[in-house]
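To start, the structure under review is shown below, and the notes come after it.
What follows draws every value from the coordinates through simple rules; no lab data is involved. These numbers come from a predicted model, not from an experiment. Reconstructed Cβ throughout: ideal geometry from the backbone, glycine too, with neighbour counts over all protein chains shown.
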Amino acid sequence: MILTEMRNQCGVCVRMWNEFWAMRWWLVFVLLAGYLAALLTPASWLETTFPIVTMQATIVQKTPTEVIISLNGEKPWYTAYRGCKYQAIDAYSDVGMRLRDLNIERTDKPETGFTRPPGVHDFGTWRIWPTTNTRLVAIYVTYDCDGKQVHVRAAEIAL
C-alpha cells in the first residue's frame, strides 16, 4: 500500500515536471512568435501606436497666402530607447487623397536641427506658405531611427 502511494505521488511529480517543461516551450514559442510579428508588422502601426512626437499647432497669424503657427508638443519617455534622430520638418496640404508640398520655415530663431530629449517642448513659430485654397495643413517630422527613415504625422491644423 505504501509502495502504491509512492508510485502515485511520483506519477504526479512526473506529470507536473512534464507540464512545467511543456509550459516553458509554449512560452518560448509565444516569445518567438511575438518577435517575428514585431519584425513583420508595418512600421506605420508602430508609429501610430507609439509615436515619436505629438504636436499641437496654434494659428498665430493668417493671411490668404500664408499662415504662421506655433508648435508645442511632447516626446514620450520611450523615445529615448528608440535611437531616433531628428532630420527634418515638412508641411503638406491635404488635397483630396493627395498631399501637396508646402514651404515651411522657422521664424522665431534659426532651426538648429538637434534631437530633443523626451518631455514637453515648445517647438517654435513656423511660417507655412503658399496656403491659397488650403483647408488643412499637416505637419510631418522625419526621423532616422537606427538607419530607417520614419515620417510621423505630428500635427494638423484646419485653416
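Overview of values
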| item | result |
| --- | --- |
| Gain upon complete extension [Val95, Arg116; 0.36 nm per residue less C-alpha separation] | 4.4 nm |
| Aspartates and glutamates with Cα under 15 Å of Lys148, excluding same-chain neighbours fewer than 8 positions away | Glu47 |
| Per-residue ³J(HN,Hα) for the stretch 115-129, Karplus 6.51 cos²θ - 1.76 cosθ + 1.60, θ = phi - 60°, Hz, x for Gly and Pro | 8, 7, x, x, x, 8, 9, 9, 8, x, 10, 10, 9, 10, 7 |
| Relative contact order %, the stretch 44-158, counting alpha carbon pairs below 8 Å whose residues are six or more apart | 33 |
| In the stretch 72-117, the chymotrypsin sites (Phe, Trp or Tyr not before Pro) that fall in loop regions by DSSP, at most 13 other Cβ within 10 Å | Phe114 |
| Eligible aspartates and glutamates near Lys85 by straight Cα distance, threshold 14 Å, same-chain separation 8 or greater | Asp144, Asp146 |
| Förster radius 22 Å - calculated FRET efficiency between Val30 and His151, Cβ distance, rounded to 0.05 | 0.10 |
| Rg(Cα) / (2.2 N^0.38 Å) computed for the stretch 44-158, rounded to two decimals | 1.05 |
| Neighbour-count ranking [beta-carbon atoms within 10 angstrom, fewest first] of Asp108, Asp101 | Asp101, Asp108 |
